[in-house]
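One structure is given here, and the rest of the page talks about it.
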Amino acid sequence: MALKGNLRDFSVAQLFNLINLARKTGTLTLEGPDQAAWVSFREGKLIYAQLGSEDGTLTGVLAKAGKLTPRQAKLIKTHAPDKSDQELGLMLINAGYLSQKEILASIRQYVLDIVFQLFTWTDGYFRFDGDVLPPDDRITIRIDLENIIIEGSRRVQELEQLREEIPNLDMALDFVDRPGANIRDVNLNVEEWKVVSYINPKNTIRQIAKANKMSELQIRRIVYGLLQAGLVEIVRPEGMPLPPQAQRIQPLDRQEGASLVNRLIQRIRSL
Amino acid sequence: MQTVKMVVTGPFAAGKTCFINSVSEIDVVSTERKISSEAERIKETTTVAMDFGRITVDDDLVLYIFGTPGQKRFDFMWEILSEGMLGFIVVVDSTRPETFREAKGILHTFRAYAPTPYVVAANKQYLPDAWTVDDLRIALKLDRNIKMLPCVATDKESVKGVLLELLYSILEEMKAG
Ligand SMILES: Nc1nc2c(ncn2[C@@H]2O[C@H](COP(=O)(O)OP(=O)(O)OP(=O)(O)O)[C@@H](O)[C@H]2O)c(=O)[nH]1
Ligand SMILES: [Mg+2]
């Protein structure tokens with residue numbers, strides 16, 4: 001049942017995607033760099049968010065949106081401290097001060113602002129509790145997660161993408177042997193030249209980074225650029241031994257294959 | 001004598017060596033080393049080159065089961081191990097979300113090496129922190145038609161079940177193809 005872990009390993013985008021696809025109801029608690037956040041969902045839709053000790057009551061939300069002046073907000077707090085958000089909302093609508101649409105739009109913006117911030121949290125504990133929902137008196141909304149995921153992801157994509165493009169820093173690089181792909185014809189900056197000067201099937205990418213005192217992100221950016229430009233390719237480092245057992249095994253023809261697989265099935269059943 | 005092979009892959013410490021050990025008729029020929037890097041010290045030993053298990057079917061058919069090393073820096077071995085395989089099994093430790101992204105990467109890499117059938121074994125399913133099979137399926141972005149099987153790598157029956165499901169998929173694909 002456990003749905004908990006660290007954002008390092010399972011990002012906010014991935015969590016939202018899971019909540020969306022599994023149509024989960026409950027509250028996600030995230031522990032960020034210096035405060036916590038709570039995001040609630042109903043059947044896979046975003047309904048509410050609260051960041052740290054920010055004032056997430058309707059008064060706070062409307063004040064932040066500029067719909068109430070700080071003075072008005074303060075007046076409401078002192079004169080109607082026990083009003084629920086729903087009561088307050090009705091009151092403001094009946095007084096002709098704000099429309100229902102304006103109130104909902106303010107809440108929506110408030111929640112989205114929080115949620116987009118969360119996408120930049122790439123480290124920290126998270127936990128999903130299926131039985132926890134926002135306080136009863138809060139006005140909740142209902143927003144599809146798809147667009148949020150797309151927009152939020154743009155903000156954290158770079159390193160992740162680079163890791164996928166270059167999964168293994170223990171591979172080496174070699175120049176591409178192709179007419180027109182001459183490294184001398186390309187405008188490279190100093191950092192790029194430093195990397196290029198070490199390119200050799202004997203040096204792993206990790207070693208090149210180390211020799212140049214570059215961070216993972218720096219080396220990945222540069223190698224990615226060189227790869228995209230078609231100037232270098234990733235190669236297996238020279239001198240890596242091949243295991244004896246890993247000889248080529250002939251592929252099967254289909255008829256023979258089916259009977260063979262059936263024999264395997266019989267045998268494994270009998271183990 | 002004909003030999004066929006299957007590959008068991010997955011992230012570091014997912015349970016690949018245990019998985020093969022549970023069904024192999026020989027002691028897994030494993031190239032285990034003591035772990036030196038602090039970061040990876042959640043257990044004592046790790047597979048560095050590969051695991052190698054065997055199931056003899058009859059006088060002229062042998063199944064080899066290769067296990068890949070889980071640590072990233074050995075993944076140049078994968079391409080070699082995957083050559084000519086009948087199918088492969090991706091073992092995932094259901095209790096360690098920090099390995100899911102890697103599992104996804106491994107899955108895609110193997111897919112690229114050979115378009116053979118595969119199944120995913122959601123290992124350590126009965127530990128308290130295990131993610132459910134449904135949540136894991138989403139986390140790994142697994143296609144609906146790929147089997148995701150709850151698994152206990154230390155339990156022979158459980159491992160047999162996973163191997164059989166893979167073989168059924170292989171058979172199905174042969175019939176369809
Ligand atoms: N409780 C439980 N523990 C398991 C299970 N399968 C494996 N383990 C434990 O998980 C740890 C890792 O298992 P291994 O088989 O060494 O994993 P591996 O995938 O071969 O690891 P590397 O070769 O280092 O990548 C060991 O301590 C096992 O005892 C399981 O189904 N349940
Ligand atoms: Mg192992």
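Summary table below
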quantity: Where A:A13 falls short, out of the listed (1) part of a loop (DSSP other than H, G, I, E, B); (2) open to solvent by 10 Å² or more (accessible area, probe 1.4 Å); (3) of a type in the set (A, V, I, L, M, F, W, C); calculated: (1)
quantity: Residue in the stretch A:17-37 that is of a type in the set (D, E, K, R), under 20 Å from the mean Cα position of the chain (by Cα) and surrounded by 14 or more Cβ atoms within 10 Å (Cβ to Cβ) present; calculated: yes
quantity: Given (1) part of a helix (DSSP H, G or I); (2) open to solvent by 40 Å² or more (accessible area, probe 1.4 Å), number of the condition A:G89 does not satisfy; calculated: (2)
quantity: Failed criterion for A:N20 (all others in (1) in a loop (DSSP other than H, G, I, E, B); (2) farther than 14 Å from A:D129 by Cβ; (3) within 14 Å of chain B (Cβ to nearest Cβ); (4) at pLDDT 90 or above hold); calculated: (1)
quantity: Scan of the stretch A:165-212 for residues that are surrounded by 15 or more Cβ atoms within 10 Å (Cβ to Cβ), within 14 Å of another protein chain (Cβ to nearest Cβ) and modelled with pLDDT under 80, ordered by number; calculated: A:P167, A:N168
quantity: Any hit, the stretch A:120-130, residues being hydroxyl-bearing (S, T, Y), touching a strand residue (DSSP E or B) at 6+ places or on another chain (Cβ under 6 Å) and not assigned by TED's automatic domain parsing to the domain that holds A:L46; calculated: no
quantity: Test: residue in the stretch B:52-71 that is outside any strand (DSSP E or B), at pLDDT below 80 and within 9 Å of ligand 2 (Cβ to nearest atom); calculated: yes
quantity: Residue match in the stretch B:136-156 (condition: more than 27 Å from A:Q14 (Cα to Cα), more than 10 Å from chain A (Cβ to nearest Cβ), over 14 Å from the mean Cα position of the chain (by Cα) and away from ligand 2 (no atom under 16 Å from the Cβ)); calculated: yes
quantity: Some residue of the stretch B:96-103 being away from ligand 1 (no atom under 16 Å from the Cβ), of a type in the set (K, R), assigned to a loop (DSSP other than H, G, I, E, B) and facing chain A (nearest Cβ under 9 Å); calculated: no
quantity: Some residue of the stretch B:85-103 being within 16 Å of ligand 2 (Cβ to nearest atom) and at pLDDT below 90; calculated: yes
quantity: Single residue of the stretch B:1-15 satisfying the filter (more than 10 Å from chain A (Cβ to nearest Cβ) and open to solvent by 10 Å² or more (accessible area, probe 1.4 Å)) that is farthest from the chain's Cα centre (by Cα); calculated: B:M1
quantity: The stretch A:136-161: number of residues that are open to solvent by 70 Å² or more (accessible area, probe 1.4 Å) and not in a helix (DSSP H, G or I); calculated: 4
quantity: The stretch A:43-84, subset in a helix (DSSP H, G or I) and within 30 Å of A:N17 (Cα to Cα), residue most open to solvent (accessible area, probe 1.4 Å); calculated: A:K64
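The values are calculated or read from the model by the stated rules, or taken from the named source; none is laboratory data. In this text, all values refer to a predicted model and were calculated from it rather than measured experimentally. Neighbour counts run over all protein chains shown; Cβ positions are idealised from the backbone, glycine included. Quick note on the areas: whole protein, heavy atoms, side chains included, nothing else; ligands and nucleic acids left out. Shrake-Rupley method; radii C 1.70, N 1.55, O 1.52, S 1.80 Å.
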